[in-house]
Every structure is written in structure tokens, then in C-alpha cells.
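Working notes, structure below.
The values are calculated or read from the model by the stated rules, or taken from the named source; none is laboratory data. All values reported here derive from a predicted model rather than from experimental measurement. So basically every Cβ, Gly included, is an ideal-geometry build from the backbone, and we count neighbours across all protein chains shown. Keep in mind that these areas ignore ligands, DNA and RNA; they rest on the heavy atoms of the full protein, side chains included. Shrake-Rupley method; radii C 1.70, N 1.55, O 1.52, S 1.80 Å.
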Amino acid sequence: LVEALSCDALYEQQAQNRAVLKERYDQIKTSLEATNLVYWPFNSAFFVVVEVGIDAEKVRHILLERGVGVVSFAGLNAIRISYSTVPASDIPKMIEIIEDTLNECT
């Protein structure tokens with residue numbers, strides 16, 4: 001750990017990782033703003049919660065069949081999207097799938 005923290009490239013690697021996360025954050029924010037989805041305020045590059053208005057677990061299963069994994073919050077009728085590992089270029093399609101699924105279910 002000491003060796004890793006004293007590596008000359010540490011700050012450069014941290015900057016690169018922050019840039020990737022910021023790009024994903026910016027993309028998810030832009031993609032969500034272009035929809036009618038209701039989402040909770042968020043300010044990190046890891047998760048966003050979207051209200052589904054119906055059985056969240058049912059939505060989770062349908063999305064999983066369509067290639068999108070989410071966490072359901074049954075008591076809140078909401079899903080949590082973890083987008084920190086989704087390439088920025090794939091985020092618009094992911095949001096489209098979520099929006100289309102919710103439109104079909106309601």
C-alpha cells in the first residue's frame with residue numbers, strides 16, 4: 001500500500017479515473033434530463049435512483065431480461081442504477097431501455 005501510494009503516477013491515475021467518472025456522470029445526467037423519468041437528486045458518479053411508480057421488483061426482472069441490471073427498492077417503488085461501470089457511450093441506450101420498459105409497464 002505504501003508503495004502504491006508513493007508511486008509517481010498515482011496522481012495521474014487518479015485524475016484519469018476522475019475524468020472517466022465525470023464523463024459517465026455528465027452522460028447519465030444529460031440522458032435523464034432528456035426523458036420523462038423521475039429521478040432523485042444525485043451528485044456522484046456512482047448511483048442514481050429512479051422512481052418507477054409500480055412494483056420495482058417486477059421492473060427489475062424485466063430490465064434484467066433486457067440486459068440492464070438494477071437494484072429494486074420495493075417499498076419506494078424505485079430502482080437504483082449503478083452507472084459507474086457503464087461506459088459513457090452505453091448510457092443513453094441503457095436509459096432508453098429503462099424508459100421504454102417503464103412506458104410499457106404503466
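Output yes when any residue across region 34-57 is surrounded by fewer than 13 Cβ atoms within 10 Å (Cβ to Cβ) and within 15 Å of ILE97 (Cα to Cα), and no when none is. Looking for residues that are surrounded by fewer than 13 Cβ atoms within 10 Å (Cβ to Cβ) and within 15 Å of ILE97 (Cα to Cα), one finds at least one in region 34-57, hence yes.
For region 58-77, which positions are surrounded by fewer than 18 Cβ atoms within 10 Å (Cβ to Cβ) and assigned to a helix (DSSP H, G or I)? Of everything in region 58-77, those that are surrounded by fewer than 18 Cβ atoms within 10 Å (Cβ to Cβ) and assigned to a helix (DSSP H, G or I) turn out to be LYS58, HIS61, ILE62, LEU64, GLU65, ALA74, GLY75, LEU76. When GLY69, GLY53 are screened for being under 23 Å from LYS93 (Cβ atoms) and touching a residue at least 40 places away in the same chain (Cβ under 8 Å), only GLY53 passes.
State whether the residues of region 17-26 include one that is among the polar types (S, T, N, Q), assigned to a loop (DSSP other than H, G, I, E, B) and either open to solvent by 100 Å² or more (accessible area, probe 1.4 Å) or without any contact (Cβ under 8 Å) to a residue 24 or more places away in the chain (or both). No: zero hits. Of everything listed in (1) closer than 28 Å to THR106 by Cβ; (2) not in a helix (DSSP H, G or I), the single unmet condition for SER44 is (1).
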